[in-house]
Number of protein chains: 2
Amino acid sequence: MARAATTTDAFNAVAEPWRRQILDILASGERPVNDLVRLLGLSQPQVSKHLRVLREVEAVDVRNEGRQRLYRLNGHALKPIHDWVKKYERSWSERFDRMEGVLEELKKEGDMGGDE
Amino acid sequence: MARAATTTDAFNAVAEPWRRQILDILASGERPVNDLVRLLGLSQPQVSKHLRVLREVEAVDVRNEGRQRLYRLNGHALKPIHDWVKKYERSWSERFDRMEGVLEELKKEGDMGGDE
DNA sequence: TTGATATATTCCCATATGAGAATATAATTT
DNA sequence: AAATTATATTCTCATATGGGAATATATCAA
């Protein structure tokens, strides 16, 4: 089997840096495609293709306004990512690093110490 | 160009569900490969291959212990994901949904109202 | 040394990719 | 209707994938 489709879920969709940038831009408000083209410096077809992926995982919504298509962030799609990674928050805190260090020390002392 | 390598960064590495599960298991402590094989129900080579990817993005560390290789979580690699997705936290809160609704209402009223 | 156990690597393959180029569709203006 | 503007789709291609099977490597045991 090949790798899962980028449209499988938000994890796959946002693995691509341009798509994260698109979401970052849309975070500040609705935008037509050409705004994104200019802001990102990508070709228009590339932007449209990335937007399609984001649409399929429902990370963005679209709305027609004359001949423009206005894209808007839909953050709900990102919640599963947040929920998953949040569990690891502790593991890069200073407190956690200190704790791990202490555990290492205790372990070493244990290995050395007792007479049995 | 093809899609970026899964070893490019943590975003790509954890796009694969088995790799997230591996990290979830390692979150509870160091484990030899065969533990993961049993717990996941994957073939041993598959597990080793997923572990290699996680090693390359430094989401796990390894340690030799006799003929076993003990893998351990290294949460630091996940911090960039957390930092990125955290910015969107507001966007799925109830308060935010309510706010968006209110903005829509205000917009409609504006469109209807004035005589110019 | 031979055998057993634990893990990693290699080879093969079907499939999905992201980029570029060309083209299609749709709405608006003239 | 013709031209223009805005966006989406299709095509081709090099490349990376994840799974299965086979095999290599390393450590320990007899």
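Some notes on this structure:
- Members of segment B:1-46 found to be near DNA strand D (Cβ under 7 Å from one of its atoms) and among the aromatic types (Phe, Trp, Tyr), listed by number: B:Trp18
- A:Val53 vs. criteria out of contact with any Pro (no Cβ under 9 Å at 6 or more places or on another chain) and within 11 Å of DNA strand C (Cβ to nearest atom): yes
- Hey, B:Ala4 within 11 Å of DNA strand C (Cβ to nearest atom), within 13 Å of another protein chain (Cβ to nearest Cβ), of a type in the set (A, V, I, L, M, F, W, C) and more than 21 Å from A:Glu89 (Cα to Cα) or not: yes
- All conditions but one from (1) surrounded by 17 or more Cβ atoms within 10 Å (Cβ to Cβ); (2) within 11 Å of DNA strand C (Cβ to nearest atom); (3) over 18 Å from A:Glu89 (Cβ atoms) apply to B:Leu42; the one that does not is (2).
- Checking each residue in segment A:10-30 for being within 11 Å of DNA strand C (Cβ to nearest atom), within 9 Å of chain B (Cβ to nearest Cβ) and surrounded by fewer than 17 Cβ atoms within 10 Å (Cβ to Cβ) picks out only A:Pro17.
- Residue list for segment A:40-84, filter: basic (Lys, Arg) and assigned to a strand (DSSP E or B): A:Arg63, A:Arg69, A:Arg72
- In segment A:45-60, residue farthest from the other protein chains (Cβ to nearest Cβ) [restricted to those that are surrounded by fewer than 17 Cβ atoms within 10 Å (Cβ to Cβ) and more than 23 Å from B:Arg90 (Cβ to Cβ)]: A:Ser48
- Qualifying residues in segment B:66-93 (those that are among the hydrophobic types (A, V, I, L, M, F, W, C) and at pLDDT 95 or above) - the one farthest from A:Trp92 (Cα to Cα): B:Leu70
The values are calculated or read from the model by the stated rules, or taken from the named source; none is laboratory data. Computed from a prediction, not measured in an experiment: that's the story for all the values here. Glycine also receives a Cβ, built like all others from the backbone with ideal geometry; neighbour counts cover every protein chain displayed.
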